[in-house]
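The values are calculated or read from the model by the stated rules, or taken from the named source; none is laboratory data. Please read these numbers as outputs of a predicted model, since none were measured by experiment. We place every Cβ from the backbone using ideal geometry, glycine too, and count neighbours over all the protein chains shown. Protein only, heavy atoms only, side chains kept; ligands, DNA and RNA dropped before computing areas. Shrake-Rupley method; radii C 1.70, N 1.55, O 1.52, S 1.80 Å.
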Amino acid sequence: MVCIIKLRPLSAQLITLRIPLSGEALAPYRLLHSTPRQRGGKPAAHRRRWPRLVPGSAAERLVGRWLLVCSGTVAGAVVLGGVTRLTESGLSMVDWHLVREMKPPQTQQEWEAEFQKYQQFPEFKILNHDMTLREFKFIWYMEYSHRMWGRVVGLAYVLPAVYFWRKGWLSYSMKGCVLALCGLVCFQGLLGWYMVKSGLEEKPDSHDIPRVSQYRLAAHLGSALVLYCASLWSGLSLLLPQHKLPETYQLLRLRRFAHGTTGLIFLTALSGAFVAGLDAGLVYNSFPKMGESWIPDDLLSFSPVLKNIFENPTTVQFNHRILGITSVTAITALYLFSRKIPLPRRTKIAVASLMAVAYMQVGLGISTLLLYVPTPLAATHQSGSLALLTVALWLMNELRRVPK
């Protein structure tokens, strides 16, 4: 190739220079004037800055581990919240500030000021009117621990999510999932304060002890369980390789059975929120009968009848018993049905673990009832419901359909 350069000096004729150019000399020219396209014909402006998240990659495994850690922090919040409810500590902090309340009272004057704020609300006036400052500090620190752990949960979701997003380690579908999870975390914090406010309100027409609304308590627990299940499922789906099981009719029935059983376990755990909210575990402390009869006389004593399901402590405990017995029966049937189907070893372990945890949970529930709901045993029973739901989700993940 020849480059032609024409020069016209001030006092001379036009001069033409012909300079031969090699391939190396043309390289800068090509670099400056070539179109911004990369291999495959895609413009450079649309090129990804970071590696794409491919199945089985190190980035995918890292995201999966992060989601499992997040589900673990949610589990810790659920357990700590249960202990806070059992120790009747949830109404000790009478206001909510995102940043300011992170620093607890330091001096005697600050503690006395905090105690005086608590004394203005119904729980102190009706239930704890003889409480000392030392006793108040215990319940205050219980609620404080629960709130601070909630902030840890929020940071565990939001900060790594921002990092993984900027790195390009989240697929398109995973971005939507992560946004939903982070939004649910924020909603969970607001719902927690909304629940606490229901126990701080003056109720002149009520003769009951001050407590949070069982409806708001169930909503708070339910949203936490949804957050936990979604995080755990997403993490397991990224980490556990799928089994290439033959799509037989028996396998389809087993998969549907597992889904229905998991839904039943979730519903049973949610009904436990109504038991805790109404202190229904202290109504009939006998098993298998409720008092002297199988069906208590005050089962439908409220009017209208539908009100009994959510507000009558007797009916709430009765429903929780029925749901628990139905759940363990369904799990037993699921285990027996699974033995007729050839399954991978890991799936068999999941089925056996589900039945073992189910019977352990039933034993804990009966013991908690007969011993008049001691706090350590009741907290273990509440944690057991989360463990049972965890194993059920693991089994569902083992049985999930391989995408074509």
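Observations
- Residue match in segment 154-166 (condition: over 30 Å from Leu67 (Cα atoms), among the basic types (Lys, Arg), part of a helix (DSSP H, G or I) and open to solvent by 40 Å² or more (accessible area, probe 1.4 Å)): no
- Among the candidates Thr380, Thr390, Thr347, residue that is closer than 20 Å to Leu217 by Cα and either of a type outside the set (D, E, K, R) or open to solvent by 20 Å² or more (accessible area, probe 1.4 Å) (or both): Thr380
- Taken over segment 369-404, the residue count meeting the criterion of being touching a Ser or Thr at 6+ places or on another chain (Cβ under 9 Å) and either charged (D, E, K, R) or not in a helix (DSSP H, G or I) (or both) is 4.
- Qualifying residue in segment 126-134 (condition: among the charged types (D, E, K, R) and more than 23 Å from the chain's Cα centre (by Cα)): yes
- Scanning segment 122-135 for residues that are assigned to a helix (DSSP H, G or I), open to solvent by less than 40 Å² (accessible area, probe 1.4 Å) and more than 21 Å from Gly192 (Cα to Cα) returns a single hit, Leu133.
- Scanning segment 66-101 for residues that are within 22 Å of the chain's Cα centre (by Cα), among the hydroxyl-bearing types (Ser, Thr, Tyr) and open to solvent by 10 Å² or more (accessible area, probe 1.4 Å) yields one hit, Thr73.
- Considering segment 238-344, the qualifying helices (runs of 4 or more DSSP H), each wholly inside and each with 3 or more residues that are open to solvent by less than 30 Å² (accessible area, probe 1.4 Å), out of contact with any strand residue (DSSP E or B) (no Cβ under 7 Å at 6 or more places or on another chain) and among the small types (Gly, Ala, Ser), run over 249-277, 313-338.
- Residues located in segment 213-224, provided they are among the aliphatic types (A, V, I, L, M) and crowded, with 21+ Cβ neighbours inside 10 Å: Leu217, Leu221, Ala224
- Residues that are under 25 Å from Lys348 (Cα atoms) and of a type in the set (S, T, N, Q) are absent from segment 364-380.
- When residues in segment 179-237 are screened for being of a type in the set (A, V, I, L, M) and not in a helix (DSSP H, G or I), 2 of them pass.
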